[in-house]
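Each remark here refers to the structure printed beneath this line.
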There are 2 protein chains.
Amino acid sequence: MNIGEAARRSGVSAKMIRHYETQGLVTPQRLVNGYRDYAEADLAVLRFIRHARALAFPLEDVRKLLALWRDRNRASADVRQIALAHVAALESKAQAMQAMAASLRHLAAHCHGDARPDCPILDELEKSP
Amino acid sequence: MNIGEAARRSGVSAKMIRHYETQGLVTPQRLVNGYRDYAEADLAVLRFIRHARALAFPLEDVRKLLALWRDRNRASADVRQIALAHVAALESKAQAMQAMAASLRHLAAHCHGDARPDCPILDELEKSP
DNA sequence: CCTTGACCTTCCCATTATGGGAATCCCTAT
DNA sequence: ATAGGGATTCCCATAATGGGAAGGTCAAGG
């Protein structure tokens with residue numbers, strides 16, 4: 001099947017499918033006319049990538065996960081290790097963001113939010129250190 | 001003062017100071033030899049930017065906040081509106097990440113994590129839809 | 001036989017913020 | 001003079017995604 005149908009059936013845009021190919025994640029056949037030709041197995045790979053990306057795995061991780069997926073002799077420990085490292089990264093970023101949000105929310109709560117110019121948010125940003 | 005000292009005293013790298021200049025956020029004088037020359041007011045701006053970036057405000061927001069900061073007739077409502085919109089963005093991203101983390105954590109909890117190949121994490125990524 | 005439309009191909013550009021590194025210039029102290 | 005430490009500009013790279021151009025391919029239909 002051509003890239004358009006592969007995109008429709010995998011839920012991955014044609015643009016991204018080509019990109020994943022440059023990254024070595026999918027390797028479709030080529031027809032004589034130069035068109036990419038996707039097999040069902042390629043579709044499965046594309047869906048795998050989509051699911052992994054939906055969980056925000058970076059492509060580097062996706063590459064490793066794909067390799068493990070294909071490896072019948074993999075150790076589930078390897079998969080789990082990648083997943084848990086990613087979980088840690090996600091949680092750390094999420095926490096950092098929520099800390100920023102909380103601190104800003106606190107400042108905003110003390111801001112009149114009217115026509116007056118004085119504002120604790122700007123006061124905070126203005127501090128010297 | 002030259003860019004090196006400005007970097008030291010503001011906590012912003014020389015590289016980023018130059019970048020902020022290309023974005024129109026800081027506009028130091030130039031000496032005859034072409035060197036940038038920072039006044040105390042520029043330092044204050046750089047610190048302001050650093051604080052705003054520490055709260056993950058995108059540069060576009062920083063630009064607006066700087067304008068309001070300089071405007072003696074600003075309405076604190078405008079500042080607050082920018083801040084709260086950013087808070088909403090932060091919280092939404094943080095929530096999305098935590099949802100992903102939670103779902104992955106759940107999958108990982110059901111993964112043996114040993115030498116066996118079967119793994120619910122891969123099973124999930126492999127699903128058809 | 002040729003046109004039209006829907007595909008496909010590759011290539012370039014942009015996004016956001018940050019940094020690395022090269023080539024070149026400037027100034028000061030030896 | 002020359003060596004060292006800064007400074008300047010310019011290019012490149014990051015991660016993932018998309019926009020868009022220029023041109024090739026193919027099937028249907030006049």
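All of the numbers you see were taken from the coordinates with simple rules; none came from a lab. It should be emphasised that the depicted structure is a prediction, and the values quoted were computed from it without experimental measurement. Here Cβ is always computed from backbone atoms with ideal geometry, including for glycine, and neighbour counts include all displayed protein chains.
Overview of values
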quantity: Under 28 Å from B:Lys64, Cα to Cα: lysines that are on another chain or at least 8 residues apart; calculated: A:Lys93, A:Lys127, B:Lys15, B:Lys93
quantity: Peptide-level mean, for A:43-52, of C-beta atoms on other protein chains within 10 Å; calculated: 3
quantity: The range A:81-120 residues near the modelled B:Ala89 label - backbone nitrogen below 20 Å, point 7 Å along Cα→Cβ; calculated: A:93-109
quantity: 10 Å Cβ neighbours from other chains, averaged over peptide A:112-118; calculated: 6
quantity: GNM flexibility winner over chain B from B:Ser103, B:Ser13, B:Ser92 (Cα, springs under 10 Å); calculated: B:Ser103
quantity: Cα coordinate range in the range A:75-129, projected on the principal axes (Å, largest first); calculated: 63, 25, 11
quantity: Order by protection proxy (mean Cβ within 10 Å, highest first), peptides A:26-37, A:113-124; calculated: A:113-124, A:26-37
quantity: Closest Cβ on chain B to the rotation axis that carries it onto A (distance rounded to whole Å); calculated: B:Ala94, 2
quantity: Whether the protein assembly as shown is rounded, prolate or oblate, judged on the alpha carbon gyration tensor where a/c under 1.5 counts as rounded; calculated: prolate
quantity: Gap separating the Cα centres of the range A:1-22 and the range B:11-58, nearest whole Å; calculated: 43
quantity: Helix-only mean residue ellipticity at 222 nm for chain B, each DSSP H run of n ≥ 4 adding -39500 (n - 2.57), per residue, nearest 500; calculated: -21500 deg cm²/dmol
quantity: Note, ³J(HN,Hα) from phi for the range B:44-61, Karplus 6.51, -1.76, 1.60, rounded to Hz, x at Gly and Pro; calculated: 4, 4, 4, 5, 4, 4, 4, 5, 5, 5, 5, 9, 6, 5, x, 4, 4, 5
quantity: q = 0.09, 0.12, 0.17, 0.23 Å⁻¹: log10 I(q)/I(0) that the Debye formula gives for chain B, counting C-alpha atoms only; calculated: -0.48, -0.65, -0.90, -1.30
quantity: Under the Karplus curve 6.51 cos²θ - 1.76 cosθ + 1.60, θ = phi - 60°, whole-Hz ³J(HN,Hα) for the range A:4-10, x wherever Gly or Pro sits; calculated: x, 5, 4, 5, 4, 6, 9
quantity: Approximate spin-label separation B:Thr27-B:Arg9, in nm, with each point projected 7 Å along Cα-to-Cβ; calculated: 2.1
quantity: Per-copy distances of the B:Met16 label point, shortest first, in nm (7 angstrom along Cα→Cβ); calculated: 3.0
